[in-house]
Amino acid sequence: MKTAYAAASLAAFLAAPALTSAASAGPAAYEFDKTHTTITATWNHLGYSEQAIHFTDYDGVLLLDFEEPANSTVDVTFNIAGGFWVGANQERFENHLNSGDLFNTGEFPTARFVATEFVTEDGETGTMTGDLTLLGQTHPVTLDVTLRQRAPHPFSGNEVAGFSASGEILRSEWGLGYAVPNVSDEIRIEIETELALVTDEEGGESED
């Protein structure tokens, strides 16, 4: 079922005033540490259990301004076709998710989240609102965001910002109404991510 983000993801820009970097002011480019990022959507299945989909193929523009969050840019595209995981040996379920009943990836292979507003009072917690486009439809999504830590990585020395984000959407608003209400319309989006400051030095693999 859907994403957010995500995508989201990353309301990182919320984070700020209290955590001013010694570096130059203004937006700075960050990138996902995909080894330490999880983006999931969870739903209730017939009342019996909570099930989840993990989105694994995503990228975008992350320009974060920790002093003035409103100057930040978060624009993330998710490759839905082939870009999710629902468990091992789940070909039948994967085919259904890709079908016209749900993501219809043959016609709509991607989803996109573009942040439009960042709100924070303490520089550590707040909300990120943005437009999620899925199945050709665009609707707003708001995520609660927490800055877990922003500091030099203990192994590389490069700045890393860690965030948690979560929120809820109604999948039917994007035309994903299959099996509602037996399978919940409400979808819980959860993001755990580490964002690395882009430097002039080519990083290579992420640190553990």
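The values are calculated or read from the model by the stated rules, or taken from the named source; none is laboratory data. None of these values were measured; they are calculated from a predicted model. With ideal geometry, Cβ positions are generated from the backbone for all residues, glycine too; neighbour counts draw on all protein chains shown.
Considering only the stretch 95-113, how many residues are assigned to a helix (DSSP H, G or I) and either touching a residue at least 40 places away in the same chain (Cβ under 8 Å) or buried (at least 16 other Cβ atoms within 10 Å of the Cβ) (or both)?
Going through the stretch 95-113 one residue at a time, the tally reaches 2.
What are the pairs, 6+ residues apart or on separate chains, where a residue within the stretch 26-50 that is closer than 15 Å to Ala179 by Cα and in contact (Cβ under 8 Å) with a residue 12 or more places away in the chain has its Cβ under 7 Å from a residue that is of a type in the set (Ser, Thr, Tyr) and buried (at least 17 other Cβ atoms within 10 Å of the Cβ)?
Trp43/Ser184; Asn44/Ser184
Examine the stretch 139-152 for a residue that is part of a loop (DSSP other than H, G, I, E, B), of a type outside the set (Ser, Thr, Tyr) and over 15 Å from the mean Cα position of the chain (by Cα), and state whether such a residue exists.
Looking through the stretch 139-152, none of the residues is part of a loop (DSSP other than H, G, I, E, B), of a type outside the set (Ser, Thr, Tyr) and over 15 Å from the mean Cα position of the chain (by Cα).
Spot the failing condition for Glu67; the list is (1) at pLDDT below 95; (2) assigned to a strand (DSSP E or B), and only one is missed.
Unmet for Glu67, out of (1) at pLDDT below 95; (2) assigned to a strand (DSSP E or B): (2).
How many of the residues making up the stretch 9-58 are modelled with pLDDT under 50, on the phi < 0 side of the Ramachandran plot and surrounded by 14 or more Cβ atoms within 10 Å (Cβ to Cβ)?
Qualifying residue count, the stretch 9-58: 9.
Just need a number here: residues in the stretch 22-57 that are in a strand (DSSP E or B) and under 24 Å from Ala151 (Cα atoms).
The total comes to 7.
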